[in-house]
């Protein structure tokens, strides 16, 4: 899996948004225009926003977090989705290293609970 730098997330958002207005795209992603603007300028989003942005960009979050696909197998060879959610208080920025470490910890805990 090719890794994408977290710092490129804003660039990717701007490119995908194109000439469309920030408010219109923010509504599609289900984030505030201010939040979308901050991420486009290079701020690290909280995990909920990160997930919404990855979904809108059609990116696997593992590509950005540098994680290997560790999803447990589902029924009949289908993968079971991992569901991890975290919320940080508004206004706090999380360093990319901390976000990556937290993501790894959450996914490892989920993997352990799935067995």
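Summary of computed values
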{"read-out": "Scope the range 1-30; condition over 19 Å from residue 98 (Cβ atoms) and touching a residue at least 40 places away in the same chain (Cβ under 8 Å); matching residues", "value": "1, 2, 12, 13, 16"}
{"read-out": "Top-ranked residue of the range 16-27 - restricted to ones that are surrounded by 13 or more Cβ atoms within 10 Å (Cβ to Cβ) and touching a helix residue (DSSP H, G or I) at 6+ places or on another chain (Cβ under 7 Å), ranked as farthest from residue 55 (Cα to Cα)", "value": "22"}
{"read-out": "Residues located in the range 31-80, provided they are exposed (fewer than 12 other Cβ atoms within 10 Å of the Cβ) and either closer than 20 Å to residue 101 by Cβ or at pLDDT 85 or above (or both)", "value": "34, 41, 58, 68, 69"}
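The values are calculated or read from the model by the stated rules, or taken from the named source; none is laboratory data. Please read all numbers here as calculations on a predicted model, not as lab measurements. Reconstructed Cβ throughout: ideal geometry from the backbone, glycine too, with neighbour counts over all protein chains shown.
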